[in-house]
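Every number in this text was worked out from the coordinates using simple rules, so none of it is lab data. Since we're looking at a predicted model, the values are computed, not measured. Every residue, glycine among them, receives a Cβ derived from its backbone with ideal geometry; neighbour counts consider all protein chains shown.
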Amino acid sequence: DARVTQTPRHKVTEMGQEVTMRCQPILGHNTVFWYRQTMMQGLELLAYFRNRAPLDDSGMPKDRFSAEMPDATLATLKIQPSEPRDSAVYFCASGAYRERETQYFGPGTRLLVL
Amino acid sequence: QKEVEQNSGPLSVPEGAIASLNCTYSDRGSQSFFWYRQYSGKSPELIMSIYSNGDKEDGRFTAQLNKASQYVSLLIRDSQPSDSATYLCAVNVGDSNYQLIWGAGTKLIIKP
């Protein structure tokens with residue numbers, strides 16, 4: 001049963017701390033997306049990668065957020081320093097060229113910054 | 001600004017009736033259209049994809065696409081309480097690989 005996995009599932013941290021979220025895309029998928037979801041803003045695209053290369057990160061606050069894909073099985077999203085307004089659910093999704101633009105979501109990381 | 005618009009609801013439908021969810025999009029170059037279901041506290045889950053004008057049926061779900069009117073809909077027949085969720089419409093960005101534009105979602109409530 002191929003699934004996108006994300007860790008941690010929940011994270012509570014204090015303002016100013018670094019937060020690292022990890023994602024393992026479905027094996028064979030070559031596109032990875034990072035989204036943020038809040039009640040007020042809905043689903044926002046933060047960044048995405050194709051074949052590990054960043055294609056668009058215009059949705060990310062550049063001064064504090066960074067996204068990388070060190071290998072085909074791992075994508076990371078870091079926030080440093082974190083702020084209370086970063087509290088949200090962060091989803092990773094993956095897709096494959098053979099499935100057109102279909103995206104499959106991981107379970108998400110629920111982040112609370114105090 | 002490319003947009004996907006949905007009525008936020010909530011849309012309340014009696015159990016056993018047909019639920020009709022609608023979505024309009026602004027990018028005439030879009031070719032791929034998706035409906036995702038999201039239960040509270042869970043991640044979006046793909047229900048249907050549609051790429052050609054007309055209807056596409058999968059069990060109790062039917063997706064309808066009208067590119068001329070830039071309109072896509074989802075019909076749920078014989079609605080069940082388990083269908084209560086938020087339904088997200090997503091449309092590909094016509095000039096970009098893989099990127100989807102997302103609607104804000106319609107909250108559907110099926111009343112027993």
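Figures for the structure shown
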quantity: Rounded FRET efficiency, nearest 0.05, which uses the C-beta distance separating B:Lys2 from A:Arg22 and R0 of 30 Å; calculated: 0.50
quantity: Rg(Cα) / (2.2 N^0.38 Å) computed for chain A, rounded to two decimals; calculated: 1.00
quantity: Residue order, fewest to most surrounding Cβ atoms within 10 angstrom, among A:Val19, A:Val4; calculated: A:Val19, A:Val4
quantity: Projected area, mean over directions - the range A:9-70, Cα convex hull, nm²; calculated: 5.3
quantity: Least to most buried among A:Met15, A:Met69 (fewest other Cβ within 10 Å first); calculated: A:Met15, A:Met69
quantity: Backbone N within the range B:73-112 under 15 Å of label point (7 Å from B:Arg28 Cα along the Cβ vector); calculated: B:94-95
quantity: Debye, to nearest 20: dipole size of the range A:16-114, +1 on Lys, Arg Cβ, -1 on Asp, Glu Cβ; calculated: 140
quantity: Pair B:Ala68, B:Leu46: separation of 7 Å Cα→Cβ label points (nm); calculated: 3.0
quantity: Coarse-grained scattering of the protein assembly as shown at q = 0.11, 0.14, 0.15, 0.17 Å⁻¹, given as base-10 log I(q)/I(0) from a Debye sum over alpha-carbon atoms; calculated: -0.56, -0.89, -1.00, -1.23
quantity: For the range B:6-52, diffusion coefficient by Stokes-Einstein and Kirkwood Rh (Cα), 20 °C, 1.002 mPa s, µm²/s; calculated: 164
quantity: Proximal lysines relative to A:Lys78, as straight alpha-carbon distance under 27 Å, when same-chain residues fewer than 8 apart are discounted; calculated: A:Lys11, A:Lys62, B:Lys42
quantity: B:Leu75-B:Ser12 pseudo-label distance in nm [points 7 Å out on the Cα-to-Cβ vector]; calculated: 2.5
quantity: Test item: Cα-centred dipole of chain B, Lys/Arg +1 and Asp/Glu -1 on Cβ, debye; calculated: 100
quantity: Listed residue (A:Leu45, A:Cys92, B:Gly94) projecting farthest to the positive dipole end of the protein assembly as shown, Cβ model; calculated: A:Cys92
quantity: Hull volume in cubic angstrom per residue (convex hull over the Cα atoms of chain B); calculated: 96
quantity: GNM result for chain A, Cα springs below 10 Å: residue of A:Arg85, A:Arg100, A:Arg22 fluctuating most strongly; calculated: A:Arg100
